[in-house]
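Shown next, in structure tokens, is the structure this report addresses.
Read-outs throughout are calculated quantities, based only on the coordinates presented, and are distinct from any laboratory measurement. A quick note: this is a predicted structure, and the numbers were derived from the prediction, not measured. Using ideal geometry, Cβ is built from the backbone for each residue, glycine included, and neighbour counts are taken over all protein chains shown.
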Amino acid sequence: MAQLSKDAFVFGHDILSVEQALDAIRKRVTPIEQSESVALCNAEGRVLAGDLIAPIPLPPFANSAVDGYAVRFEDLANAGETRLPVKGRVIAGAIGKGDGSPCAIRIFTGAPMPDGFDTVYMQEDVTRDGDFAILPAGLKKGANARPAGEAVAAGSAAILKGRVLRAQDLALAAALGITTLVVHRRLRIAVFSTGNELTEPGQPLGPAGIYDSNRALLRVLCQKLGANVTDLGILPDNRAMIAAALGRAGDHDLILTSGGVSMGEEDHVKGAVEDAGALTFWRIGIKPGRPVAMGVVDHAAFVGLPGNPVAVFVTFSAIVRPLVAALSGALYEPPLPLPVIADFSYRKKPGRREFVRVSLARDEAGQVHAKKHPRDGAGVLSSLTETDGLIVLPEEAESLAPGETVGFLSYAALL
């Protein structure tokens, strides 16, 4: 499991900015140490535990990038076209060679370059006259020829450790002859919700009850990040019961809860974490989602998210996702907001980063505009299903006017 000390998240700040929170995660969280070897076909989405060193160059031999005619550049005329006899033909998977005299060799894409031949004319640029090829002037030495190791040199790091492996990474590994990769083991994340009002979907709903949506959201978000998730269900607003559940989950790498992290009389998560481990109560300058609790239970990291589902989504995207990356040893860069034009006005308090739910549309000139969802509430779950992503308003901003350019993050980029 992740080895975190009980003061891992002690900072002494009243309210942290998002950047302070992320900087703390980068500096204070170390990844899990355990790794395992997996087959290439099962490695998609896993985190590479060490640099993948190329055992061979890629491509492994010089070859032609096109169908055409291979020549020695030194055999070409200094000016004007060159007329050379065609001696030989080489296809992919075969070996060809010249006889030492000036000549051209018919060659096909991927075929090895014959020894001493360094340049390839595309077939559509060549005129055939019987057994001769008429080659136009102006081609540069090395044109249309791929040297050995052009893509990856033997002994170099083909893929750096920490990469969350994608299909193209696995294709590169396969091209290098690799069949297995050493990856970090999957994170173990425990998830539960708190609240007397919560009911499990599928069960009868009481007159003051609501169905729990946050666990469904968190389970899927964690699984998308490659974690194994333990669902601990719904816990009532009871400090002792929450503390006991936290203690039972201390063998995980991360414990995630939702609800009960504010300062109300029935918000018991803060006290329960103090009973089961150690906690620094974070108030992050973020909207929606300012109340976020972080701490350590045994050696597991703990994050207590707000109870409103939109706040859960935003704080998971902004805080939990980079924390999961740090714990799993994954390289992580915050997604880059794309510029769009605001179609609405907005006012905010300085000193906090705000995320506004918007839909996108393209105008007749091809410019992309953002339209704000009509309902702002952090409990309006449908506002996430009816929009395309979030506008990011930085801490220093105080207002937004129609026509201004703002940064947009799609939901796909966030997760």
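Relative contact order for the chain using alpha-carbon pairs under 8 Å, separation at least 6, rounded to a whole percent?
Working: 954 pairs, mean separation 73.1, N = 415.
Value for the chain: 18 percent.
Counting Lys and Arg as +1 and Asp and Glu as -1, what is the net charge of the other residues whose Cβ lies under 14 Å from the Cβ of L221? Don't jump to the answer; show the numbers that get you there.
Numbers: positive: R215, R219, K224, R321; negative: D231.
Net local charge, L221 excluded: +3.
Between L40 and Q168, residue separation times 0.36 nm minus the direct Cα-Cα distance comes to 44.9 nm. Local charge for I105 was computed over the other residues whose Cβ lies under 13 Å away, with Lys and Arg +1 and Asp and Glu -1, and equals -1.
Under a Gaussian network description of the chain, with springs only between Cα atoms under 10 Å, the residue in I105, I53, I159 that fluctuates furthest is I105. Here the Gaussian network model covers the chain, with springs between Cα atoms less than 10 Å apart; of G162, G202, G142, G202 fluctuates the most.
Kindly identify segment 338-410 as rounded, prolate or oblate by the Cα gyration tensor criterion: order the square roots of the eigenvalues as a ≥ b ≥ c, call it rounded if a/c is under 1.5, otherwise compare a/b with b/c, prolate if a/b is larger, else oblate. Display every interim value, and only then the final one.
Numbers: a/c = 1.90, a/b = 1.13, b/c = 1.69.
Because a/c hits 1.5 or more and a/b fails to exceed b/c, segment 338-410 counts as oblate.
Per 0.36 nm of contour for each residue apart, how much would the distance between A240 and I134 grow if the chain were fully extended, relative to their Cα-Cα spacing?
Working: separation 106, 0.36 × 106 = 38.16 nm, distance 8.85 nm.
So the extension gain works out to 29.3 nm.
Largest GNM mean-square fluctuation across G285, G155, G50, computed for the chain with C-alpha springs under 10 Å, falls on G155. Computed over the alpha-carbon pairs of segment 107-244, the distance histogram in 5 Å steps reads 2, 7, 10, 10, 9, 7, 6, 7, 6, 6, 5, 5, 4, 5, 4, 3, 2, 1, 0 percent, short to long. Starting from the Cα of E150, step 7 Å toward the Cβ, then list every residue of segment 160-184 with an amide N under 18 Å from that point. In segment 160-184, the label zone of E150 (backbone N under 18 Å from the point 7 Å along Cα→Cβ) covers 172, 175-176. Rounded to the nearest 10 degrees, the angle from helix 214-224 to the longest Cα principal axis of the chain is 20 degrees. Within the shell of other residues whose beta carbon sits under 12 angstrom from the beta carbon of E33, the net charge comes to -1, with Lys and Arg scored +1 and Asp and Glu -1.
Of the options (1) 40, 23, 21; (2) 34, 25, 21; (3) 58, 27, 18, only one is semi-axes √(5λ) of the Cα gyration tensor in Å as computed from these coordinates, and that is (3).
Length gained on full extension, D231 to S359, computed as 0.36 nm times the residue gap minus the Cα-Cα distance: 42.8 nm. The lysine pair tally for the chain, using Cα distances under 19 Å and a gap of 8 or more places or different chains, is 12.
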